[in-house]
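As structure tokens, the structure follows; a few thoughts come after it.
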Amino acid sequence: MMNQNESKNESKEMKINPLSMYFDLQNGLCPGKKSTVRYLSNMKGMFADEIALSEMVKKNDAVIYEFYELGIPQTSGDLLFGTSIVYPGKVGNEYFMTKGHFHTILDTAEVYYCLSGIGYMLMEDPEGNWDAQEMIPGKAVYVPKSWAHRSVNTGHEPLITFFVFRADAGHDYGTIETKGYRKLIVEESGKTKIVDNAKWK
Ligand code: NI
């Protein structure tokens, strides 16, 4: 709802006023807000089958996922929130997924609530422990402090989740880009399987 203080949103102390936003339950999108879009070409090195990925990029560099960064101030008392939408598909036999990240402030937990679609939240910690929580509509996943997290779409519809976390936590994508994930989620003989990543360092 509009109110008389809206114009003060950009004030120096970055205080924001009460607000609400609409996220479409069918497609996850927030009308009028620009999402951050990741294309297949942004995923170089993230999938096990690099040849399959480069062939897909040559044919059609499709959007693999998108998410919202809604301009909430990145200060410790604030909360970043928004939807993440991972589209259905596979690179080789590996399901479409997000890059995955640790938080720069490692001691930051996060909650994801699944609105639509099916998949997994694939997580691992710096000690090499891993976990995969199934995501179906209605399920909330708690990502504990210090765990890297990645959404994987194992279905045929977009996987839409709503996330909330501490606004100053930041994203560390580099660690995952360098060492990869310990586990991969793949389709084998029509079934979803979690297998070791041979390239994991
Ligand atoms: Ni996160």
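Things worth noting here:
- Degrees between helix 50-59 axis and first principal axis of the chain (Cα, 0 to 90, nearest 10): 60 degrees
- Extension reserve of the T104-D196 stretch, reckoned as 0.36 nm per residue once the Cα distance is removed: 30.5 nm
- For the chain: relative contact order, % (alpha-carbon pairs under 8 angstrom, 6 or more apart): 21 percent
- In plain terms, the residue of V141, V152 with the fewest other Cβ atoms within 10 Å comes first and the most crowded comes last, giving V141, V152.
- Remark: spin-label model distance Y113-A62 equals 2.9 nm, labels positioned 7 Å along the Cα→Cβ axis.
- Extension gain for the segment K15 to K33, taken as residue separation times 0.36 nm less the Cα-Cα distance, is 4.5 nm to one decimal.
- Global geometry of region 143-195, whether rounded, prolate or oblate, following the gyration tensor of its Cα atoms and the 1.5 cut on a/c: oblate
- The charge dipole of region 19-121, taken about its Cα centre with unit charges on the Cβ atoms of Lys, Arg (+1), Asp and Glu (-1) only, comes to about 280 debye.
- Dipole size of region 64-144 about its Cα centre, with +1 on Lys/Arg Cβ and -1 on Asp/Glu Cβ: approximately 340 debye, rounded to the nearest 20.
- The label point for D78 and the one for E187, both projected 7 Å from the Cα toward the Cβ, are 4.0 nm apart.
- What you get for the chain, charging only the Cβ of Lys and Arg (+1) and of Asp and Glu (-1), is a dipole of about 200 debye around the Cα centre.
- Cα→Cβ-extended label distance, 7 Å offset, between L70 and S146, nm: 3.1 nm
Any read-out appearing in this document is the output of simple, stated calculations on the displayed coordinates, not a laboratory observation. The shown structure was predicted, so the numbers you read here are calculated from the model rather than taken from an experiment. Note: ideal-geometry Cβ built from the backbone for every residue, glycine included; neighbour counts use all protein chains shown.
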